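The values are calculated or read from the model by the stated rules, or taken from the named source; none is laboratory data. Since we're looking at a predicted model, the values are computed, not measured. Here Cβ is always computed from backbone atoms with ideal geometry, including for glycine, and neighbour counts include all displayed protein chains.
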Amino acid sequence: MSVETGGSSAAQSATQEVISPPLASAPAAAAGLPPDAGAPAELIQLLTPEGERVEHPGYPLDISAGELRGLYRDLVLVRRMDTEAIALQRQGELGLWASLLGQEAAQIGSGRALRPRDMAFPTYREHGVAWCRGVDPLKLLELFRGVSHGGWDPAEHNFHLYTIVIGNQTLHATGYAMGIQRDGATGDGGEAVIAYFGDGAISQGDVNEAFVWASVFNAPVVFFCQNNQWAISEPIERQSRIPLYQRARGFGFPGVRVDGNDVLACLAVTRAALQAAREGQGPTLIEAFTYRMGAHTTTDDPTRYRLAGELEAWKLRDPIERVKAYLVRSGAADASFLDDVEAEAGRLGAWLREACRAMPDPSPLSAFEHIYAGPHPIVDAERQAYAGYLDSFDDGASTPVPNVAAERPAVPQARGTGGFERSGEA
Amino acid sequence: MTTLTLARALNAGLRRALEDDPKVLIMGEDVGKLGGVFRITDELQKDFGESRVIDTPLAESGIVGTAIGLALRGYRPVCEIQFDGFVFPAFNQIVNQLAKMRYRSSGNVALPVVIRIPFGGGIGAVEHHSESPEAYFAHTAGLRVVACSGGPEAFTMIQQAIRCDDPVIFFEPKRRYWEKADVDTTASAAAAWPLDAARIVAEGTDLTLLAYGPMVKVALAAAAAAREDSRSVEVIDLRSLSPLDMKTISASVRRTGHCVVTHEAPVFGGLGAEIAARVTEECFYCLEAPVLRVGGFSTPYPPSRIEDHYLPDLDRMLDAVDRAFGF
């Protein structure tokens, strides 16, 4: 890929240079995008769709063979998790699933750029980021099965609850980042926040307010927008007449567009933006240019609003295939490694199926728990009344179902940082 | 005891909270250098710094949304919504996020955020400055909703709200901001009357008159007037609108057999409707008349030149008392 300083980057102010290095200016075709995707020239890429490693002067990336293999494993396993979840929904085991198909690189790349103490605020589609943060995949299934509203402890994983109302979490992320500032937890060894959202969310008031807040308070937050081209049925053209990353400029902070199907570029760009945030240079908007290869959720039917050819074109830019090609070509992995990952994915899938089906419904009376910090006369009275009502039947329906965890086979876990952590962390 | 306006009592309470807990923050529009449009946060930024008393951009959803993030980080933000009618841009963050986070997280996350809202009419304001939106919030599980009526209690109530581990919507009767009372500024919030408890502010034997916020003063005047007609009216300041202190309310109604509820908000779907239903359920055999409601009309808040007709006054309250006894 030819790299030159683009005209738009030259227009960026000097204060933005540290965070926003000169952007690549390459023809869309060379950048690996379908000509009809509306992709302008500026796109940061470190691994082409053909699996060719390219350098970018603004984002040097030293990555070992082991780290590469780790990324590949992450990508394959989260795709498998996703595939299984869709199947479980089709079988009636989940009420809904929001597929991440096609967005694995954006999520694994950015997720692996996080340090343990960094905080992530996801939408409802960040299964790959959840994986990187060590959240039990079953917890994700719990939510979509209707067993809980999430239920993991955000503080344990530094991964907030899924947020379903579009864009709300960007403000929470910004406020959290303001807390980091007040705690003095900034600097090289400090903390940063990442807020995930999609192209549809860019139109939400909350996202724009979060941009204002983060900008004027110089908050250590990275806005990571996965532009997957579609907000259910609405194409990106319905949200914006300019590339999304350019929105940042109007708010006074840098924006960059990265090839969202390139896990290395997503890793490098996010890592740089997080570090800039830690070092007091304020927010960055990262637009991960990607594609929602599946439906919006399992209730959606994309054939009603988009052409099959578009998907076919994007399949040539698959986020996993290019890593596989590079691993093999560079000799970083051999066939047995690839086979091992496939086998591990199979085990993960089998475990998810089994554990999901074994997941018990919560007790009906658990609906009355965790609403207030302490006793509440009205909630408590209703709980008591409903328990009495249930007890009036003979089938013991009010007896809380024992919360028996499913038998778990050896589980592939994503704990740790996948080897991408730099020094400076406790 | 110090003679203070309600505004100064709230200011003193906020100051005490800032002194007591370094995690307490104040945030809102114009709360810093200006001290708020009602001066409730007067001089607090000067004394506690811009990091703790934050002049925010003008976006209410942003105020509440970032307060949630700060609370997730361990802070206890106190947000000021400048006027009642301006809370609605933040409604989504309050109802979908603030209220539900503990539940959604299976109890893992607490959001000790206070949202102060000057509410109610009677100051001749332009539209959207005289609303009483409390019922929207009382309807939402996960929130506590309280209303102070005067300075002596407001001083400790605001501190209790800040100490509470639940989100609290804290309504302040703006037309009472300038009314003076003796306030014990050495009072301990921990030892004060509980935040979720109603309080009998005038004892009586014949009728229970329930009020909160700006209407407590009117209710007390009505009780005094009724006394001249040899009717003994008990006035209860509800203080907490969610949860409702039904124990205190029902105990009173069982004694008096009559109940009138008053608020500035429209009667349809208002707190009075909920109270009437509950009093009917709990005190059915003691009631000698239906529970009556005296509130704002089921109209938008009118232009201020006729707001005196909209706001329940002494005479409308006495009229309801008469109707209750004449049933």
Where the second residue is in a strand (DSSP E or B) and buried (at least 18 other Cβ atoms within 10 Å of the Cβ) and the first is of a type in the set (Val, Ile, Thr) and lies in region A:132-161, which pairs have Cβ atoms under 9 Å and are six or more apart or on separate chains?
A:135/A:159
Please indicate, with yes or no, whether at least one residue in region A:205-219 is at negative phi, more than 13 Å from chain B (Cβ to nearest Cβ) and modelled with pLDDT of 95 or more.
no
Enumerate the pairs (first residue in region A:51-70 and assigned by TED's automatic domain parsing to the domain that holds residue A:324; second residue anywhere and of a type in the set (Phe, Trp, Tyr)) with beta-carbon separation below 7 Å, excluding pairs fewer than 6 apart on the same chain, so at least 6 apart or on different chains.
A:51/A:326; A:53/A:326; A:67/A:420; A:69/A:337
Test: residue in region A:357-375 that is of a type in the set (Phe, Trp, Tyr), modelled with pLDDT under 95, in a loop (DSSP other than H, G, I, E, B) and surrounded by 14 or more Cβ atoms within 10 Å (Cβ to Cβ)
no
Subset of region A:162-176, residues facing chain B (nearest Cβ under 7 Å), over 16 Å from residue B:23 (Cβ atoms) and crowded, with 24+ Cβ neighbours inside 10 Å, comes to A:168, A:171, A:172, A:173, A:174
Regarding residue A:155, is this residue under 26 Å from residue A:263 (Cβ atoms), of a type in the set (A, V, I, L, M, F, W, C) and at pLDDT 95 or above?
no
Being closer than 23 Å to residue B:224 by Cα, under 13 Å from the mean Cα position of the chain (by Cα) and basic (Lys, Arg) is true for just one of B:144, B:175, B:116. Which residue is that?
B:175
Condition check: crowded, with 21+ Cβ neighbours inside 10 Å, more than 14 Å from chain A (Cβ to nearest Cβ) and closer than 27 Å to residue A:185 by Cα. Does residue B:67 satisfy that?
no
Is there any pair linking a residue in region B:309-327 that is over 14 Å from residue B:226 (Cα atoms) to one that is among the polar types (S, T, N, Q), with Cβ under 6 Å and at least six apart or on different chains, and which?
B:312/B:262
Taking residue B:189 as meeting all but one of (1) within 20 Å of residue B:146 (Cα to Cα); (2) touching a strand residue (DSSP E or B) at 6+ places or on another chain (Cβ under 8 Å), write down the number of the exception.
(2)
Please work out if residue B:91 is surrounded by fewer than 24 Cβ atoms within 10 Å (Cβ to Cβ), within 14 Å of another protein chain (Cβ to nearest Cβ), within 20 Å of the chain's Cα centre (by Cα) and not hydroxyl-bearing (Ser, Thr, Tyr).
yes
Exactly one of A:311, A:285 is outside any loop (DSSP other than H, G, I, E, B) and buried (at least 24 other Cβ atoms within 10 Å of the Cβ), and that residue is A:285
Looking only at region B:202-224, and only at residues there that are free of Cβ contacts under 8 Å to residues at least 40 places away in the same chain and within 15 Å of residue B:260 (Cα to Cα), the one that is surrounded by the most Cβ atoms within 10 Å (Cβ to Cβ)
B:223
It is to be established whether one or more residues within region B:97-109 are more than 8 Å from chain A (Cβ to nearest Cβ), within 20 Å of residue B:18 (Cβ to Cβ), of a type outside the set (Gly, Ala, Ser) and surrounded by 24 or more Cβ atoms within 10 Å (Cβ to Cβ).
no
Helices (runs of 4 or more DSSP H) lying entirely in region B:207-291 (those with 3 or more residues that are away from every other protein chain (no Cβ under 14 Å) and within 25 Å of residue B:171 (Cβ to Cβ)):
B:215-228, B:271-283
Do you know which residues across region B:148-190 are among the small types (Gly, Ala, Ser), away from chain A (no Cβ under 14 Å) and surrounded by 22 or more Cβ atoms within 10 Å (Cβ to Cβ)?
B:149, B:150, B:151, B:154
